[in-house]
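As structure tokens, the structure follows; a few thoughts come after it.
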Amino acid sequence: MVRGIVLFAALAGGLCGSSFAAAPGGGIATAGGISASEQTCRACHTLDTTKVGPPFRAIAERYRGDSDAVAKLKKSMLEGSSGKWNTGAQMPANAISDADAERFARWILGVK
Ligand code: HEC
């Protein structure tokens, strides 16, 4: 757990490790602020706890070692997803660009 936090902090460039919004917007791909789409994700996802959707850390663990993971996660984000996580909820298709979906997928998969 402690190790995970340290690794995550390194990955996110030292930004607040508990905030998904801080990392994709300011950590890896862009130097810009928090986009509206990232705020939307946070309505249903957090890093460590099941909110409406599964925690990002659990998603990273489940897809670790899956060479198609980026493509699968992108598809779920762009087209919606249900029945995979047994949360009793489903994810609607998100109104994000292909490039954003790729960025989110890579960020989520990088969570340790
Ligand atoms: C309305 C709530 C909601 C919003 C908004 C939402 N999600 Fe989800 N998300 C879910 C639920 C529920 C699941 C589980 C779906 C399932 O069981 O198949 C999920 C699953 C996922 C998965 C795993 C998909 C898979 O194939 O295993 C990823 C990755 C994900 N969300 C990323 C995001 C990102 C990034 C955003 C913002 C662009 C986002 N979600 C916005 C509710 C949401």
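The values are calculated or read from the model by the stated rules, or taken from the named source; none is laboratory data. Bear in mind the structure is a predicted one, so any value in this text is a computation, not a measurement. Cβ placement follows ideal geometry from the backbone for every residue including glycine, while neighbour counts extend to all protein chains displayed. Quick note on the areas: whole protein, heavy atoms, side chains included, nothing else; ligands and nucleic acids left out. Shrake-Rupley method; radii C 1.70, N 1.55, O 1.52, S 1.80 Å.
Within the assembled protein chains, the solvent-accessible surface assigned to LEU109 is about 40 Å², based on a 1.4 Å probe. Charged neighbours of CYS41, selected by a Cβ distance under 15 Å, balance to +2 (K, R count +1; D, E count -1).
With an a/c value of 1.5 or above and a/b not larger than b/c for the gyration tensor axes a ≥ b ≥ c computed over the alpha-carbon atoms, region 57-109 is described as oblate. Between the amide H of LYS112 and those of PHE8, distances stay under 5 Å, these residues lying 5 or more places away or on another chain, with hydrogens modeled in the peptide plane. Sticking with the crude label model, points 7 Å out along Cα→Cβ, report the distance from ALA95 to LYS72 in nm, one decimal please. Each label point lies 7 Å from its Cα, and together they span 2.9 nm. Working note: Karplus 6.51/-1.76/1.60 with θ = phi - 60° gives region 69-83 the couplings 4, 4, 4, 5, 5, 4, 4, 4, 5, 7, 10, x, 7, 8, x Hz, where Gly and Pro are set to x. Extending 7 Å from Cα along the Cβ direction at LYS112 and again at ARG62 yields two label points whose distance is 2.3 nm.
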